[in-house]
1. Condition check: loosely packed, with under 10 Cβ neighbours inside 10 Å, at pLDDT 95 or above, on the phi < 0 side of the Ramachandran plot and touching a strand residue (DSSP E or B) at 6+ places or on another chain (Cβ under 9 Å). Does residue 67 satisfy that?
2. When you scan segment 45-63, how many residues do you find that are in contact with a strand residue (DSSP E or B) (Cβ under 6 Å, 6 or more places away or on another chain) and exposed (fewer than 15 other Cβ atoms within 10 Å of the Cβ)?
3. Can you tell me which residues in segment 15-30 are buried (at least 20 other Cβ atoms within 10 Å of the Cβ) and under 10 Å from the mean Cα position of the chain (by Cα)?
4. Scan segment 76-121 for residues that are outside any helix (DSSP H, G or I) and touching a strand residue (DSSP E or B) at 6+ places or on another chain (Cβ under 8 Å) and jot them down.
5. Tally up the residues in segment 31-44 that are surrounded by fewer than 19 Cβ atoms within 10 Å (Cβ to Cβ) and either touching a residue at least 40 places away in the same chain (Cβ under 8 Å) or assigned to a loop (DSSP other than H, G, I, E, B) (or both), please.
6. Condition check: touching a helix residue (DSSP H, G or I) at 6+ places or on another chain (Cβ under 9 Å), assigned to a helix (DSSP H, G or I), modelled with pLDDT of 95 or more and farther than 22 Å from residue 99 by Cα. Does residue 61 satisfy that?
């Protein structure tokens with residue numbers, strides 16, 4: 001039986017990181033752990049995917065960073081959403097809602113309505 005946990009769908013990692021950071025600033029390990037927790041252990045975020053995504057998002061102005069002390073008294077780079085990041089999250093969430101609703105519509109069709117039948121030439 002296949003492992004029920006999965007890697008994120010292509011293009012969704014940045015959206016989920018933005019959503020996580022909209023809740024509170026976090027360090028990288030915390031972001032990965034929070035996404036795994038919020039997905040009920042369905043999504044695992046590999047460090048090799050997360051940190052390049054965070055670098056891209058910082059370059060685009062969606063997140064800013066600062067050094068802080070963690071709850072374990074360690075120094076870590078914290079990521080925080082910017083106004084541009086919040087706008088990007090809103091845009092990505094709207095696009096996701098449209099796309100996922102369309103996919104759900106397709107997946108829930110039980111029979112092909114006559115008006116959708118493809119006419120043969």
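The values are calculated or read from the model by the stated rules, or taken from the named source; none is laboratory data. None of these values were measured; they are calculated from a predicted model. Methodologically, a virtual Cβ is constructed for each residue, glycine included, from the backbone with ideal geometry; neighbour enumeration extends over all protein chains shown.
1. So residue 67 fits the description; yes.
2. So the count comes out to 0.
3. 16, 17, 18, 20
4. Within segment 76-121, 76, 77, 78, 79, 80, 81, 82 meet the criteria.
5. 5
6. No, not satisfied.
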